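This is the structure I want to talk about, given as C-alpha cells.
Computed from the coordinates by the stated procedures, all read-outs in this text should not be read as laboratory data. Here the structure is a predicted model, which is why all the values come from computation and not from measurement. When we count neighbours, we look across all protein chains shown, and the Cβ atoms used for this are built from the backbone with ideal geometry, even at glycine.
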C-alpha cells in the first residue's frame, strides 16, 4: 500500500497551473512511447488526425460493420480451406486479440507512467482496419481525464477496464457468436504479460500490487465485479492463463506457445 501512496503523491505533486505550462499531454505521451516502446508507434497514433474510414467503437460494433469485418477476416483465415465450415467463436477470439493486443499496452503505458491521466473513453479512440478485416492501427484523440488525475495506479487500471475495455467487449459479444469470458481470459494474459514488461520501468511492489488486484481480487476498487479475476492462475508453480483461446480450431493457425491444452 505504501508504494501506491507514493505513486498517488507523484501524480499530484504538480499543480494544474504548472501542468498547463508544461508539455502538452499529447507531446508527453508521444515522447514516452518513443522512449519506452517505440514499436508501438506503428499501431497507436497519438494526437494525429484519423484517416477516413477509421471507426469509433459505436461504428465498428454496429452489425453491418462488424459482420463485414469478421467476414473479411474469415475469408482470409479460411482462404486455403474454402470447404471447411467456419467457426465464429475462435475467429472472433483471434479478431479480439488483434484489437486489444494492439491497443491495451499503449493505454497501460500512458496511465501508469504519466501523471496526467489519458482519457480512454471509446469516443476518443478510432480503429483503422486491415484489408483482411482485423484491427491494424488505432488513432487516439488525446484528451486528459481530469477526474482520474489523482487516482492511484490500481484505480486507473480499474477505470480503464470500466470505461474502455468493457464497452469494447460488449461491442463484440452483442452479436452472439462469442462470450465475454473468453475475451477476458485472452485479455488477462495480455495484461499480465505487459505488466511483466513494465517491471523494468516501474517499482516491483507496484507491479505486484496491480497483479494482486487484477487477477486475485474478485472486485475492483469501487466494489464492482472484476472481469479479470482468475483469468491468470497459479499452475505447476507458475502463472498461466486459465483457458485456451481456441485459435487452434482455425485451419493453419498454430497454438499459442503457452496453450493450456496438452500437446497431442
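By its C-alpha gyration tensor, with a ≥ b ≥ c as the square roots of the eigenvalues, how is the stretch 122-264 shaped: rounded for a/c under 1.5, else prolate for a/b larger than b/c, else oblate?
The shape class here is oblate.
Using Cα atoms only, what is the angle between the long axis of helix 180-198 and the major principal axis of the chain, expressed in degrees (0 to 90) to the nearest 10?
50
Once you've got the GNM for the chain with C-alpha springs shorter than 10 Å, pick whichever of 202, 228, 107 has the biggest mean-square fluctuation.
Of 202, 228, 107, the most mobile in the Gaussian network model is 202.
Working only with C-alpha atoms, what are the Rg and Dmax values of the stretch 2-249, expressed in angstrom?
18.5, 64
Normalising by the residue count of the chain, find the relative contact order in percent from Cα pairs under 8 Å and 6+ residues apart.
22
Which of 216, 100 has the fewest other C-beta atoms within 10 Å, and how do the rest follow up to the most?
Arranged by neighbour count, lowest to highest, 216, 100 become 216, 100.
A further question follows. How much of the DSSP beta bridge set in the chain is antiparallel, as a percent to the nearest 5?
Rounded to the nearest five, the antiparallel share is 80 percent.
So what's the angle, to the nearest 10 degrees on a 0 to 90 scale, between helix 2-12 and the longest Cα principal axis of the chain?
80
Can you pull the one-decimal nm distance between simple spin-label points at residue 121 and residue 170, each 7 Å off the Cα toward Cβ?
Roughly 1.5 nm, to one decimal.
Follow-up. Could you work out the relative contact order of the stretch 107-264, using alpha carbon pairs under 8 angstrom and six or more residues apart, expressed as a whole percent?
16
Checking the a/c ratio against 1.5 first, then a/b against b/c, what shape does the Cα gyration tensor give for the stretch 25-97?
The shape class here is prolate.
Among DSSP beta bridges lying fully in the stretch 32-164, give the percent that are antiparallel, nearest 5.
Taking every DSSP beta bridge with both residues in the stretch 32-164, the antiparallel ones total about 70 percent.
How do 208, 145 line up, fewest other C-beta atoms within 10 Å first?
208, 145
Under 1.5 on a/c is rounded, so check that first for the stretch 146-217, then, if it is not, pick prolate when a/b is larger than b/c and oblate when it is not; a ≥ b ≥ c are the square roots of the alpha carbon gyration tensor eigenvalues.
Oblate is the answer for the stretch 146-217, as a/c is 1.5 or above yet b/c matches or exceeds a/b.
Based on the Kirkwood radius over alpha-carbon pairs, what is the Stokes-Einstein translational diffusion coefficient of the stretch 81-127 at 4 °C with 1.567 mPa s viscosity, in µm²/s?
Taking Rh from Cα pairs, D becomes 98 µm²/s.
If you don't mind, there's one more thing I want to ask. Distance between Cα centroids, the stretch 101-160 to the stretch 38-52: provide it in whole Å.
Comparing the Cα centres of the stretch 101-160 and the stretch 38-52, I get a distance of 12 Å.
While we're on this one: Order these by the 10 Å Cβ neighbour count, fewest first: 84, 217.
84, 217
Among 237, 47, 196, which one shows the highest mean-square fluctuation when the chain is modelled as a Gaussian network with alpha-carbon springs under 10 Å?
Top of the fluctuation ranking is 237.
For the chain, take the longest principal axis of its alpha carbons; what is the angle in degrees between that and the long axis of helix 25-36, to the nearest 10 within 0 to 90?
With both axes taken from Cα atoms, the answer is about 70 degrees.
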